[in-house]
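J.: My questions will all concern the structure given below.
Every number here is computed from the coordinates shown, using simple stated rules; none is lab data. As the structure is a prediction and not an experimental result, all values here were calculated from the model. Every residue, glycine among them, receives a Cβ derived from its backbone with ideal geometry; neighbour counts consider all protein chains shown.
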Amino acid sequence: MRVKRGIKARHRRKKILDRASGFYGRGKNCYEVAKNLADRALAYAYRDRKVKKRFFRQLWQIRIGAAARLNGTNYSKLMGALKKAGIELNRKVLAEMAAFDQPGFSALVEKIKPYLNVKA
């Protein structure tokens with residue numbers, strides 16, 4: 001008996017074309033092209049979920065470093081002094097303080113001044 005596989009094949013192709021909606025040119029409506037583009041998009045999405053974490057940590061370090069220089073120190077000395085002082089604020093919170101609460105960040109730097117030049 002002949003098997004046409006119409007429904008299963010249509011579902012498989014429809015799934016790929018739905019994933020490719022919004023792509024450019026034939027990438028959105030031609031199955032052969034859409035399949036390759038959708039696979040590549042999934043690979044980039046997987047990779048970039050990890051890259052995003054790296055990117056944000058980098059951004060936070062830049063913001064903290066800039067605010068630290070405005071307060072007379074630098075990023076590495078500030079982070080070392082925070083650790084010695086036992087203040088456990090993560091980089092995300094410190095960057096938010098540096099960007100949106102400069103007086104609070106300055107008060108934090110003043111609090112850890114005794115730890116800035118101590119050699120351990």
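J.: Treating only the Cβ atoms of Lys and Arg (+1) and Asp and Glu (-1) as charged, compute the dipole magnitude of the chain about its Cα centre; round to the nearest 20 debye. If you can, show how the numbers build up before the last one.
T.: Details: 31 positive and 8 negative charges, 265 e Å.
Using Cβ point charges on Lys, Arg, Asp and Glu, the chain gives about 1280 debye.
J.: Would you mind ranking Ile112, Ile7, Ile16 by Cβ crowding within 10 Å, fewest neighbours first? Don't jump to the answer; show the numbers that get you there.
T.: Numbers: Ile112 19, Ile7 8, Ile16 16.
Least to most surrounded, the residues fall as Ile7, Ile16, Ile112.
J.: Consider all pairwise Cα distances in the stretch 81-120 and report the whole-number % of them above 13 Å. Please report the intermediate quantities before stating the final value.
T.: On the way: 418 of 780 pairs.
So the pairs more than 13 Å apart make up 54 percent of the total in the stretch 81-120.
J.: Please identify the trypsin sites (Lys or Arg not before Pro) of the stretch 65-120 that satisfy two criteria: DSSP loop assignment and at most 12 other Cβ atoms within 10 Å. Which are they? Write down the numbers at each step before the final one.
T.: Details: sites: Arg69, Lys77, Lys83, Lys84, Arg91, Lys92, Lys111, Lys119; in loops: Lys119.
Those that pass, being in a loop and sparsely packed, are Lys119.
J.: Please rank Ser76, Ser106, fewest neighbouring Cβ atoms within 10 Å first, as an exposure proxy. Could the numbers behind the result be given before it?
T.: Working: Ser76 11, Ser106 16.
Neighbour counts put them in this order, fewest first: Ser76, Ser106.
J.: Tell me the chymotrypsin sites (Phe, Trp or Tyr not before Pro) within the stretch 1-108 that lie in a loop according to DSSP and have at most 13 other beta-carbon atoms within 10 Å. Please report the intermediate quantities before stating the final value.
T.: Working: sites: Phe23, Tyr24, Tyr31, Tyr44, Tyr46, Phe55, Phe56, Trp60, Tyr75, Phe100, Phe105; in loops: Phe23, Tyr24.
Here the sparse-neighbourhood loop sites are Tyr24.
J.: Subtract the Cα-Cα distance of Gln102 and Lys14 from 0.36 nm times their separation in residues, and report this length gain in nm to one decimal.
T.: Between Gln102 and Lys14, full extension yields an extra 26.4 nm.
J.: If you build the Cα gyration tensor of the stretch 4-78 and take the root of 5 times each eigenvalue, what three semi-axes come out, in whole angstrom, biggest first? Don't skip to the answer; put the middle values down first.
T.: Working: eigenvalues 457, 25, 11 Å².
That gives 48, 11, 7 Å for the three semi-axes.
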